[in-house]
Structures are given as C-alpha cells and as structure tokens.
1. Mind checking which residues of the stretch 127-146 are over 21 Å from G308 (Cα atoms) and touching a Gly at 6+ places or on another chain (Cβ under 7 Å)?
2. Please report, ordered by residue number, the helices (runs of 4 or more DSSP H) entirely within the stretch 241-357 with at least 3 residues that are away from the ligand (no atom under 16 Å from the Cβ).
3. Confirm whether M63 is modelled with pLDDT of 90 or more, more than 16 Å from the ligand (Cβ to nearest atom) and within 19 Å of I397 (Cβ to Cβ).
4. Among the residues of the stretch 23-37, which ones are open to solvent by 10 Å² or more (accessible area, probe 1.4 Å) and in contact with a Phe, Trp or Tyr (Cβ under 8 Å, 6 or more places away or on another chain)?
5. Do you know which residues across the stretch 225-240 are within 15 Å of the chain's Cα centre (by Cα), open to solvent by less than 10 Å² (accessible area, probe 1.4 Å) and more than 10 Å from the ligand (Cβ to nearest atom)?
6. Taking the criterion of being more than 24 Å from L432 (Cβ to Cβ), of a type in the set (A, V, I, L, M) and in contact with a Phe, Trp or Tyr (Cβ under 9 Å, 6 or more places away or on another chain), would at least one residue in the stretch 57-66 satisfy it?
7. Given the criterion modelled with pLDDT under 95 and either surrounded by 17 or more Cβ atoms within 10 Å (Cβ to Cβ) or among the basic types (K, R) (or both), identify the matching residue among A121, A136, A154.
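The values are calculated or read from the model by the stated rules, or taken from the named source; none is laboratory data. None of these values were measured; they are calculated from a predicted model. No Cβ is skipped: glycine too gets one built from the backbone with ideal geometry, and neighbour counts run over all protein chains shown. Remember, those area values only see protein heavy atoms, side chains included, never the ligands or the DNA or RNA. Shrake-Rupley method; radii C 1.70, N 1.55, O 1.52, S 1.80 Å.
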Amino acid sequence: MTDTKKSPQGEWSSHSAFIMAATGSAVGLGNIWKFPYITGENGGGAFVLVYLLCVALIGIPIMMSETLMGRRGRHNPVTTMESLTAEAKADEHWHYLGWMGIIAGILILSYYSVIAGWASAYVLKAFTGSFFDADAAAVKQLFADFIASPVQLAFWHTAFMLATMWIVKQGVNNGLEKALRWLMPSLFVLLILLVGYAMTTPSYFQGLHFLFTPDFSKLTGNSILTAMGQAFFSLGIGMGAVMVYGAYLPKKISITETVVVVSIADTVVALLSGIIIFPIVFSNGLQPDSGPGLIFETLPIAFGSMIGGWLFGILFFVMLVLAALSSSVALIEPAVAWLIETRGFNREKASLYAGSVTWLIGFASIFSFNSWSGFKIFGQTLFELLDYVTANLMLPIGGFAIAMFAGRIMVRGHSEQELDLPNPLTYQIWQLLIKYLAPAAVFLVFLDVVGVL
Ligand code: PHE
C-alpha cells in the first residue's frame, strides 16, 4: 500500500512547511552570490535568458519528477532508487543515481560552506563598521586581505559546518521549519529595499541593460552549460535533495503547485540580486567579471554609503548566512538519511560523520584562494574544479537520469497518480518535456561543450 507509506524520518507538518523547506533549499548562495558573478563572467543578458529558459523548460519538469520519485520511494536517494527500480522491474544499476546525488551533495557543501563562511565573517565586519565610508578600492582590499588568510577562512568554514550539523541533528521538521517562516519573507523585503538603493545609483539603467538585453555574440557552448548548471544548482535539483524532501511530503499535497511556487520564488530572488549588484558595479567603475568575490566587493560599498547602511549590512549578511544554512541542510540530508536508514546510525551520529567528511574536503577550497591558488588542474583551481564538476556536470547528468527514469522507466500510472494533474493535457505536456525536451537539451549542451556540435 504505497498510499499509506511514510518516510522513516517523519513528514512535513503542513503544506506551507514543505513550501518553506523547499524554498529554503532552493534560495541560497546560488541566487545571491553565484548568479550575479557568473552572469557577470558570461556577459549578461543572453546568459540570463538561457538561464530562465532552462529553469522553465528543464528545471521545473525535472523538479516535479524528482519530487514525485522521492514521494513514491519514501527514503534516501539510494534506497528510493532501489525500490523504484524494483517496482518498475528495471535495471538495478539505477541506484547509482542515488549515489551520485549523495556524493554531489557532499562535494557541493564542501565549498558552499566556505563561501557561507565568508558571509558569516562579513556579518562581523558589517557590525564593527569596516564598510563605513569605504570606497571601491578599500572594499576590494578588505576582501583580498580576508581571503588571503587560510586561518580566517578555516575558522568561519568550521563555524558554518558546526551550525549545519547542529540543525541537521534536530531533524527535518524541528527548528528549521520555524526559522524559515520569517526568514524568507524578511529576506525578500530586504532585497526590495536594496533595489531601492540601486535605483538611486547613477548607473541603475546600465545595470538593467546589462542584465536584460541579450547580446547573443557573448554566448559560448560553455556559457550555455554554465547557465543550465546554474538552473539545476539554484533550484537544488539533480542530486537527491529534492528527492529526500519529497520523501517527507504527505500524499495529499500538490507537487506541481509547490514546484511552480518554489521555482518562481527562486528565480525572483536571483533576478533581484542581479538588479541590486550590477548598478553598484557600474556606478563604481568595477568589472562585472571579477569572479566569486563580486558581491563581497560591491555590496559593502552600498552599505558604507547609504543611510542606515550599518544596520542593513548586518541584516543582509545575517540573512544570507541563514539562507545558506537552509540550503546546506538540504545538501547534506541525502547522506544523513542514507546513514540513518541503511547503517542504523542515529541522527546525531549521522550528521557528525557526514559533516566531518564535508568539513575536511572544504579545505581544498579554502586553500584554492590562497596557499594553493597556483595549483591548477585543467587550468582551474580546486574550488573552480569542484564547482564545475558538480554544478555543470553532476547535476545535469543527475537531472538527465531523473528525466529518463520518471518519463520512460516508471510505470505511467504511478507518475500520473503522484502528480495528480487537473487534466490529461497538462500531464501530456509534462511527459513531452520530461521524455524528449529536457533530456535532449541536456544532451545537446554536452555535445556542444565537448566540441561535437
Ligand atoms: N539551491 C541552493 C542555492 O541556490 C544550493 C543547493 C544545491 C541546495 C543543490 C540543495 C541542492 O544556494
């Protein structure tokens, strides 16, 4: 009786609790830190357009598939894939999809936590008035001095991982659910206020133009892959986090509605960050393609000069850390759920183990910004390589496999029943996207990047 099957880890207490948790997983550093800097590196408008298309046509249908597979399997990604494969009488190798998700989650969190550590350090910098009246050069120097210190980065990375482990230890629907209820709306209000500031800068329209006017000559195969990878990363799909969250989802909740709401919220937050950052970049004569430090080199200028900037600076970085925390718990949950369900660990031990491994791998990224910055593989530092392999390769490959499984392997009646769409036509559109368009798009982008197209 699948209808009464529940996850061993419990369930979300309500529909809004799930929406909050899923939005918490989606909205994070990916929107506020990563989206602006990769948009800057990839030339703006055309990249943003590809990103939006990827979210709508590939991201949403795959997120629906991942959620429904999780809800049907009701376990960690590996066990879920095992039970779905058995149910569909398919090849048992499919459970490697679950494994890839668990590994991708740990690898992403290893550098995600380092960057979240930067945001945590900036809470303190904001508080002690480091940005006060600082110009672009001073802010840039502040950031350069900070990332040059492995000890400081290690300290904040450790603090962030400890916080993640502490929350994960409490379980999915304790603590986190309550915090998210006020976090997401407040973050949104703060972003709107910052858009207000951006509007007062001299280069507001230049910023908007950069973000929304596509110049297709700037698109390369690799930038299309990056846009697609970002759609996966930002929605948090392709690695099993949505699968585990789906496993905690009660039967009666509409998957489609939830996925659409979460995707819109996620996209709006990313676009708002772009609308805030680029006017500041151009108004201060900065370069949009300065890389992962972009928000740390721009926003402090705003906080240092605007009225109430001291308070806004503190609030902004506090919320960024909290938004990162609600994503980090999603990144580690597949591994934790696997340890609990198949190794008999309790939550505390599982988060300690998974967290420690992640923490250790994090040092590769820490040193990428200082002592090992000259150490490159394929021309990339370890941080860049980890980001490229996970976001641009593992997530799209995971997403491709999820689309294949939900569209072609799973028994049709099962996906129909899980999605419970209002009419047969919407189900057919979903089928079309998941069977043909999404896998073909991922495949073509890959062919383009390896130079076959
Ligand atoms: N979506 C999160 C962000 O944008 C990161 C994330 C990726 C979370 C994958 C879960 C799974 O910050």
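1. The one that is over 21 Å from G308 (Cα atoms) and touching a Gly at 6+ places or on another chain (Cβ under 7 Å): F143.
2. Output list reads 255-283, 294-305, 309-343.
3. When the stated conditions are applied, M63 does not pass them.
4. Of everything in the stretch 23-37, just one residue is open to solvent by 10 Å² or more (accessible area, probe 1.4 Å) and in contact with a Phe, Trp or Tyr (Cβ under 8 Å, 6 or more places away or on another chain), namely S25.
5. Selection gives A227, M228, G229, A231.
6. Within the stretch 57-66, not a single residue is more than 24 Å from L432 (Cβ to Cβ), of a type in the set (A, V, I, L, M) and in contact with a Phe, Trp or Tyr (Cβ under 9 Å, 6 or more places away or on another chain).
7. A136
Condition check ((1) surrounded by fewer than 19 Cβ atoms within 10 Å (Cβ to Cβ); (2) over 12 Å from V27 (Cα atoms); (3) touching a strand residue (DSSP E or B) at 6+ places or on another chain (Cβ under 6 Å); (4) among the β-branched types (V, I, T)) across all residues:
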{"position": "F312", "(1), (2), (3), (4)": "no, yes, no, no"}
{"position": "F316", "(1), (2), (3), (4)": "no, yes, no, no"}
{"position": "L320", "(1), (2), (3), (4)": "no, no, no, no"}
{"position": "V329", "(1), (2), (3), (4)": "no, yes, no, yes"}
{"position": "P334", "(1), (2), (3), (4)": "no, yes, no, no"}
{"position": "L339", "(1), (2), (3), (4)": "no, yes, no, no"}
{"position": "G344", "(1), (2), (3), (4)": "yes, yes, no, no"}
{"position": "R347", "(1), (2), (3), (4)": "yes, yes, no, no"}
{"position": "S351", "(1), (2), (3), (4)": "no, yes, no, no"}
